[in-house]
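All remarks here apply to the structure that follows.
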Amino acid sequence: MTATAADARTLLDDVRTSAAWIARALNGSGYRADFTPTSLRDVERFMAEHSDHGIAVPDGLLATDLGPRLFALGAYLGETVRRSTGGAWEADDDDPHSEVDLRLRLPDGSVVWPVQRVIKRFQHGHEDSIVGYAMGLDLHLSAPARWRHRPGAAGRTAAPEPESGPEPEPGPGPGPGPGKTGQESRSLRRRRTPSVEGMTFIDSVTLDVADTAAARRFQSVAFGLDSRIGLRASQEATSGFRGFTLGLTVSQPGDVDSLIGTAVEAGAVPLKPAAKSLWGYGGVVQDPDGTFWKVATSAKKDRGPATRRIDEIVLLLGVADVAASKRFYVERGLTVAKSFGRMYVEFAAGESSPVKLALYRRRALAKDLGVSPEGSGSHRLVIGGGAGAFTDPDGFAWQAASPAALAS
């Protein structure tokens with residue numbers, strides 16, 4: 001169902017909050033961001049100084065939190081267009097790629113996709129210029145400011161002097177934007193690194209399977225996993241979507257193809273063939289015991305032979321209310337590492353944690369995997385951690401003692 005500003009307080013709220021946050025952050029980092037059409041010249045300058053044809057400049061302002069920052073820049077671009085021409089944001093909350101597919105309907109009935117435009121600018125460089133895009137929408141941009149040398153501008157030697165202008169309009173919420181701290185709202189370079197002391201992490205993830213020996217052979221042959229994912233024998237009834245997936249993050253498409261290929265050879269069912277997307281390259285399989293595995297990379301080209309090395313494992317839980325589940329877990333000691341409003345939350349992982357925990361809307365997760373969101377019975381999953389034994393709002397069970405010891 002399509003949501004509009006009148007009936008949805010989720011992604012549409014995040015748009016305005018993100019636009020206000022990135023405006024404050026850009027202003028604090030030496031760029032003009034006052035929601036005037038002319039300020040889009042500084043957005044273009046920012047992209048030129050901190051990205052190069054799909055690669056974030058090392059140590060630049062896009063080198064971390066790339067996805068949320070591109071989304072925020074797209075929100076700023078769209079808000080600038082909306083304030084200049086009129087129109088209304090539209091979003092489909094059931095779309096697993098709703099952040100990317102976010103659209104702005106203009107008064108003449110035409111539709112533009114600002115977030116996609118910013119992603120294209122990141123991927124293709126100046127040929128997809130933000131300034132050219134704005135001019136194509138008949139926005140009036142004043143002549144460029146006088147250029148001067150700015151030391152340390154991420155490998156670039158020139159940048160326009162910032163022009164004075166009014167402060168950006170504040171966002172609707174009290175916070176500085178998705179997944180950011182108040183310190184970051186003043187400058188993109190300033191980041192608070194939370195202390196790990198006293199934080200709660202995942203100590204183990206255990207899957208309920210029919211035959212532990214067979215399941216262990218599958219994980220070893222398919223993905224080269226040994227004991228990072230625990231297993232225990234169980235016959236608990238389950239049907240349909242179990243509400244979670246295990247994501248394997250790798251460095252390049254060749255590794256995705258290799259791991260998915262051996263998984264299918266070992267008995268997995270391919271649900272989504274590996275393919276390119278706006279965010280990278282990935283595919284989905286279901287193992288013989290019914291667990292969904294997504295193998296993905298943010299890279300779109302190979303930079304060498306496939307190594308099959310898994311950089312990260314993410315346990316992604318599909319939940320009914322991301323904000324409510326986020327609060328639930330924070331109250332039990334977990335620390336938020338990234339937050340995409342009401343759409344996605346990722347928690348910090350300890351050095352010894354085998355898996356990182358993240359939350360996503362259940363319906364969106366099912367759609368991303370290519371399955372129906374309906375399901376009943378056991379999740380066939382137990383999470384171990386230092387927060388104690390409990391069951392979360394969506395029925396996922398935690399145990400205080402690591403259940404991995406039960407694995408055979």
Inset, instruction - Please work out how much accessible surface Ser220 shows to a 1.4 Å probe, ignoring ligands, DNA and RNA, in Å² rounded to 10. - result: 50
Legend entry - Within region 275-371: Cβ-based charge dipole about Cα centre, in debye rounded to nearest 20 (Lys, Arg +1; Asp, Glu -1): 400
Legend entry - region 271-402 shape via C-alpha gyration tensor axes, a/c threshold 1.5: prolate
Legend entry - Residue order for Ser372, Ser227 - accessible surface, 1.4 angstrom probe, largest first: Ser227, Ser372
Inset, instruction - Among Phe71, Ala20, His97, flag the residue with its Cα farthest along the positive direction of the charge dipole of region 1-141, charges on Cβ as +1 for Lys/Arg and -1 for Asp/Glu. - result: Ala20
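If you add up the charges near Phe218, with Lys and Arg at +1 and Asp and Glu at -1, over every other residue whose beta carbon is less than 13 angstrom from its beta carbon, what do you get?
Numbers: positive: Arg216, Arg217; negative: Asp211, Asp226, Glu265, Asp287, Asp289.
Taking every Cβ under 13 Å from that of Phe218, the sum is -3.
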Inset, instruction - With a point put 7 Å past each Cα toward its Cβ, work out how far Ala323 is from Glu265 in nm, to one decimal. - result: 4.8
Inset, instruction - Taking the Cα centre of region 343-403 as origin, sum charge times position over the Cβ atoms of Lys and Arg (+1) and Asp and Glu (-1), and report the length of that vector in debye to the nearest 20. - result: 180
Inset, instruction - Find which of Ile202, Ile229, Ala214 sits farthest along the positive direction of the dipole of region 196-239, computed with +1 on the beta-carbon of Lys and Arg, -1 on that of Asp and Glu, about the Cα centre. - result: Ala214
Inset, instruction - If a/c stays under 1.5 just call it rounded; otherwise compare a/b with b/c (prolate if a/b is bigger, oblate if not). Do that for region 198-344, with a ≥ b ≥ c from the square roots of the Cα gyration tensor eigenvalues. - result: oblate
Inset, instruction - Mind grabbing the accessible area of Lys326 for me, 1.4 Å probe, Å², rounded to tens? - result: 60
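Pull out a ≥ b ≥ c, the square roots of the eigenvalues of the alpha-carbon gyration tensor of region 13-69, then state rounded if a/c is under 1.5, prolate if not and a/b is larger than b/c, and oblate in the remaining case.
Verdict is oblate for region 13-69.
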Legend entry - Met47 - accessible surface, heavy atoms, 1.4 Å probe, Å² rounded to 10: 0
Inset, instruction - Calculate the dipole size of region 38-118 relative to its Cα centre from +1 charges on Lys and Arg beta carbons and -1 charges on Asp and Glu beta carbons; express the result in debye to the nearest 20. - result: 400
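The values are calculated or read from the model by the stated rules, or taken from the named source; none is laboratory data. Remember, it's a predicted structure, so these values are computed and weren't measured experimentally. Reconstructed Cβ throughout: ideal geometry from the backbone, glycine too, with neighbour counts over all protein chains shown. What goes into the accessible areas is simple: the full protein's heavy atoms, side chains included, and nothing from ligands, DNA or RNA. Shrake-Rupley method; radii C 1.70, N 1.55, O 1.52, S 1.80 Å.
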